[in-house]
Amino acid sequence: MPLKLVPPRKGKSPNFTIRGTYLGVYIERSAGTGVRSLAARVLAKIKRDIETGALTSSAREKLTFAGAAADYMKAGGEARFLTPIIEHFRLLPVEEITQGSIDRAAAKIYPDATPATRNRQVYSPVSAVLRHAGIKLALKRPKGAQGVMRNRWLWPEQAFAVIEAATMTDKELGILLEFLLYTGERLSPPLVMRCDELRLKENFCFIRDTKNGDPRPVHLPKQVVAALKRHPRGLDRGEQRVFRFTKGSAFYKLLRTATARASRKTHSDLSWVTPHVFCHTYGTWMRRYGGLDVIGLVATGRWKDQKSAARYTHAVVSEESRKADLLPRPKRKRA
C-alpha cells in the first residue's frame, strides 16, 4: 500500500494518520494535526527522509498490528471479527504481540464470552494476521477452545423447506445451500470457487482450498447439477466466482430471512440453521440414507480421518441394538 494520509476517525484521534510503504519502508504514525495541508507537509518530509537516508533502517517504523491487519485483508483475508481487535492493538508492533497480550485482549474484548467464542473471534484472527506478517508465534488456545461439539442436522423436510425459502429470498442463495447440502462443503470453499472449475456434464467440480489444506475433487449429484444450471447469472463466466456472496452481515441477513420463512412454513424454529449445519446434514444423510460407515465417509474426501467422521455414527442404529426386537414381551389379550 503506497504512503498516504488516512483521515481522522470519528470518536478517535482528531489527527490524520500517515500509513503505507515508500521505497520499502513501512510507515504508520500520527501526522500530529487534523489539518490536511499540514499533514501533507509531514508526509512529504517523511518521503524526503526516506529518500535521503535520514530515516535509516534502524529508525524505520515497525509494522503495527493495524498495518498488518490491513495487509492481511487486502490479500483476501477474512475481515470478520477483526475490527475490535484492531481497535485494541492499533499501533502495537506485531513483534511485540505475545501470548499474554492476546489473552488480555480476548478477556477485555469479550469479557463474558466462552473460551470457544474467544478462540474463534480473537485467537484465530490474530493468529492469521501474524502468520501473514511472517510472525511465528506458538499460540496456546484457551482451555475449552473447542467448545461443546455440536452436531445439529436437518431432517429432509426441514432442509428442503430452508432451501425453498432461500430460493424465494434470493435464487443464488438457494443454489448455494443446495450445493452445501449435497457436497458437505464448508461455506468458504464454494465462495471462492470459479466457474471454470465446474464440469456439469461430468458431475464434477474441483475445490482448491479446503480446511484440510488439500484440494478436493467433488461429485455433483444430479440435484446439484440441475440447481447450478438454473443459476440466475449463468456459469459461462470463466474465472469469475460461481457465487457472488462473501462472509458478512449481508449474507447472514439473507440467511436469517430464509430461515424465518422456513420456520413459519414448518411451524418449527429453524433460526439455529447456519451454513455449517448443511455440512453436518450431509454427513448424517450419507450415513443414514447413503449407507456409508465411518471408513466410507473418510473415503469421500470430506473428512481427513475416522475420528472426524465418527461423529455421524449416531445417524444409524447398530445391528446389536436391533436385537431389542427379540426381547420377551407380554402377550396381549385379544379384544
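Observations
- Bins of 5 Å from zero: percent of alpha-carbon pairs in segment 65-132: 3, 18, 33, 27, 13, 4, 0
- Between Asn203 and Ala299, the FRET efficiency from the beta-carbon distance, with R0 = 25 Å, is close to 0.90.
- Of all segments of the chain bounded by GluC sites (Glu not before Pro) found in a DSSP loop with no more than 12 other C-beta atoms within 10 Å, the longest spans 1-238.
- Cβ-based charge dipole, segment 4-59, positive-most Cα from Ser13, Ala39, Tyr26: Ser13
- The chain: relative contact order as a whole-number percent, Cα under 8 Å and 6+ apart: 12 percent
- For segment 172-238, a Kirkwood radius taken over Cα pairs fed into Stokes-Einstein (37 °C, viscosity 0.692 mPa s) yields D = 274 µm²/s.
- Among Gly301, His267, Met73 - extreme Cα towards positive end, dipole of the chain, charges at beta-carbon: His267
- Computed about the Cα centre, the dipole magnitude for segment 4-59 is approximately 320 debye when only Lys and Arg (+1) and Asp and Glu (-1) carry charge, each at its Cβ.
- Its residue count N fixes a reference of 2.2 N^0.38 Å for segment 68-183, and the Cα radius of gyration divided by that reference is 1.37.
- Global form of segment 156-315, assessed from the alpha-carbon gyration tensor, a/c cut-off 1.5: oblate
- Under 28 Å from the Cα of Lys62 - lysines, other chains or at least 8 residues apart: Lys4, Lys10, Lys12, Lys45, Lys47, Lys74, Lys108, Lys136, Lys140
- Rg to Rh, two decimals, where segment 4-59 supplies the alpha carbon set and Rh follows Kirkwood: 1.00
- Shape call, segment 235-335: gyration tensor on alpha carbons, a/c limit 1.5: oblate
- Among Ser101, Ser321, Ser30, the residue with the largest mean-square fluctuation in a Gaussian network model of the chain, with springs joining Cα atoms closer than 10 Å, is Ser321.
- Computed packing ranks the peptides 129-135, 38-44 as 129-135, 38-44, most packed first, by mean other Cβ atoms within 10 Å.
- Taking the Cα centre of the chain as origin and assigning +1 to Lys and Arg Cβ atoms and -1 to Asp and Glu Cβ atoms, the resulting dipole is close to 900 debye.
- Mean separation of Cα pairs under 8 Å and 6 or more residues apart, divided by the residue count, gives segment 90-240 a relative contact order of 15 percent.
- Altogether, the Stokes-Einstein calculation at 10 °C and 1.306 mPa s, with the Kirkwood radius of the chain over Cα pairs as Rh, returns a diffusion coefficient of 66 µm²/s.
Taken together, the values in this text are just the output of simple stated rules run on the coordinates, not laboratory data. Everything quoted here is computed from the prediction, not taken from an experiment. Ideal geometry is used to build each Cβ from the backbone, glycine not excepted, and the neighbour counts take in all protein chains shown.
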